[in-house]
Amino acid sequence: MRSCCPIELSYCSKKKPGHGKKSKKLEKKSQELKNVKKEQEEFVRQKSEIKTQRERALSEQRSHYNKIREERKHNTYTLKQAILQNKREEAFNVRKQREENIRKKKDMMDFFREENQARKSAIRGSEMSATQRINQWRNQKFEDFKNDYQKRIDTEDGIRKTKEKEVMDMELLEMELIKRLQNTQLIQKQAFEELDTVLKHSNVSKTSGIFSKKSLEGINN
């Protein structure tokens, strides 16, 4: 190894301290660049992880919404079928009641026709006993008819009121179910919006913290 002459030795002794300081400064800058690169990689990793979590949350939310939509569709269809069946039964009962009313009217006309015939027979007859028997038969017939008619009216009114209540209950149940599903959907929507806001806020906070810290260090150096 060649030794320095006195002049070179003096020059070398002056050069080495400055050269070491510059080398340390370059080494420090290199380390800072490595740290920035590492932090950027960590930021990218965290961003990718947040994106994955968000996509998973969105997928779960969509699946939940689809399930609720299918349940609502099924329940609505079931309720509509039940209401339609009740309406069909109600129409059948109305038609049956109309036929029954026609039959009752015919029975009443037959009754009055028989009564008129009996009255004519009584008029034609001269014996009081015959008139009394006719009156008794007429009165008994009228009482029987009146009682039977009242029983039928009471029975039909009871059936009609029961059917009307069933239809009303089904319609109220449908309205209540739709209202509950709408409330559930609103709650799920609010939860999704809150989750999305939290994820966005977490993403912005982490990004701002990393770069603001390193920017200040770079300016100071």
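When residue 57 is tested against (1) closer than 30 Å to residue 173 by Cα; (2) in contact (Cβ under 8 Å) with a residue 60 or more places away in the chain, exactly one condition is not met: (1). Residues that are in contact (Cβ under 8 Å) with a residue 12 or more places away in the chain and within 17 Å of residue 94 (Cα to Cα) within the range 146-163 comprise 152, 156, 159, 160, 163, listed in sequence order.
Evaluated against (1) over 30 Å from residue 84 (Cβ atoms); (2) modelled with pLDDT of 85 or more, residue 127 falls short on exactly one condition, (2).
What's the total number of residues in the range 81-107 that are of a type in the set (Val, Ile, Thr) and in contact (Cβ under 8 Å) with a residue 60 or more places away in the chain? It would help to see each step written out before you state the result.
The first filter runs over the range 81-107 and keeps only residues of a type in the set (Val, Ile, Thr), leaving 83, 94, 102.
Now restrict to residues that are in contact (Cβ under 8 Å) with a residue 60 or more places away in the chain: 83.
So the count comes out to 1.
Taking every residue in the range 175-196 that is over 18 Å from residue 78 (Cα atoms) and pairing it with any residue that is small (Gly, Ala, Ser) and in a helix (DSSP H, G or I), at least 6 positions away or on another chain, the pairs with Cβ-Cβ distances below 7 Å are 195/57.
The values are calculated or read from the model by the stated rules, or taken from the named source; none is laboratory data. Computed from a predicted structure; not experimentally measured. Glycine also receives a Cβ, built like all others from the backbone with ideal geometry; neighbour counts cover every protein chain displayed.
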